[in-house]
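Data block below; observations after.
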Amino acid sequence: CQFATAGADYNTREKTNLIGATGEAFDLNNQTLRYREYHYYSDDNLSHKVLYRDADDTLMVEKNIDYSSGFTTPEYTLLIGPEKKRASVQWQNNELKLQDVEGATVMIQASRPLVIDAGFDHYVRENWLQLTAGKTLKFNFPLVNRSTLAKLRIKKSSCSYKSDTDVCFTLEVSNWLLRILLDPIELGYSPESKALLRYRGLSNIEDEQGRGMVVDIHYNYD
């Protein structure tokens, strides 16, 4: 398959040629629609494009993910806003190069276990048996806007939303002090397909004031 490209008729193509998934992100508090996600994959699944559009269908962010370095540790690039400000995580030998939207870069030693961006979804499926058995797993996660690696942990939990079938996990920082300041992220999965169905918590998409939105994302798969 070929990735669709932005253009005058892109809105039609993304609805008819969609490959992968869509997500609708609602405000976690009042359930108003904040944005939609459109996911496209290459035939070999090594390339993944995500388009984020606001409630008025205006393109907010384009993300391009490259899984050539591993499904849990991909490189990715963000193009943000009409100015297409660029942020990215890239590999250089065994180090990570983090670039924020202001163009500042920093090199960080890749401390493992390591999970990068959308790689967390693959990480959950790769460790499904351990997680569903109740084991808590820890890994490092690069934060571009803070030019650092965060230590995160994930464990099985009860779903906070109404569901008779979903398997839920809580994703939070390992540091106990930061856990007091930062709310955990909740992930809801299908027990049969192991597909991510819900994401509830802080998003990497910012609002007009530059703050990360707190959302409830519902995913659907084509």
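Things to note:
- 222 nm mean residue ellipticity, helices alone, for the chain (DSSP H n ≥ 4; -39,500 (n - 2.57); rounded to 500): -3000 deg cm²/dmol
- Stretching the chain fully between Lys155 and Thr132 yields a gain of 7.5 nm (0.36 nm per residue, less the alpha carbon separation).
- Label sites at Ser174 and Asn45, each approximated as a point 7 angstrom past Cα along Cα to Cβ, lie 2.8 nm apart.
- Thr148 paired with Lys97, simple spin-label distance in nm, labels 7 Å along Cα-to-beta-carbon: 2.4 nm
- Using Cβ point charges alone (K and R +1, D and E -1), the dipole size of the chain about the Cα centre works out to roughly 860 debye.
- With every protein chain in place, the stretch 14-115: carbon and sulfur % of accessible area (1.4 Å): 46 percent
- Between Thr77 and Asp164, the simple spin-label model (points 7 angstrom out along Cα→Cβ) gives 4.8 nm.
- Three-way shape call for the stretch 139-222 based on the alpha-carbon gyration tensor, with the a/c threshold at 1.5: prolate
- Whether the stretch 28-143 is rounded, prolate or oblate, judged on the alpha carbon gyration tensor where a/c under 1.5 counts as rounded: oblate
- Since only Tyr40, Leu98, Thr58 are under comparison, the one whose Cα sits farthest along the positive direction of the charge dipole of the chain, derived from C-beta charges on Lys, Arg, Asp and Glu, is Leu98.
- Exposed GluC sites (Glu not before Pro) absent: longest stretch of the chain, with sites in DSSP loops and at most 15 other Cβ within 10 Å deemed exposed: 103-191
- FRET efficiency for the pair Asp222 and Gln109, taken as 1/(1 + (r/R0)^6) with r the Cβ-Cβ distance and R0 = 41 Å, rounds to 0.60.
- For the chain: lysine pairs under 19 Å (alpha-carbon distance), excluding those fewer than 8 apart on one chain: 20
- For the stretch 103-198, the set of chymotrypsin sites (Phe, Trp or Tyr not before Pro) satisfying both a DSSP loop assignment and a count of at most 16 other C-beta atoms within 10 Å is given as Tyr161.
- Think of a 1.4 Å ball rolled over the protein heavy atoms: the chain then has 54 Å² of accessible area per residue.
- Shape category assigned to the chain from the gyration tensor of Cα positions, a/c cut at 1.5: rounded
The values are calculated or read from the model by the stated rules, or taken from the named source; none is laboratory data. Everything numeric here is computed off the predicted structure, so don't read it as measured data. Cβ coordinates were reconstructed from backbone atoms using ideal geometry, including for glycine residues, and neighbour counts include every protein chain displayed. Ligands, DNA and RNA are stripped out before the accessible areas are found, and what is left, the full protein with its side chains, is counted by its heavy atoms. Shrake-Rupley method; radii C 1.70, N 1.55, O 1.52, S 1.80 Å.
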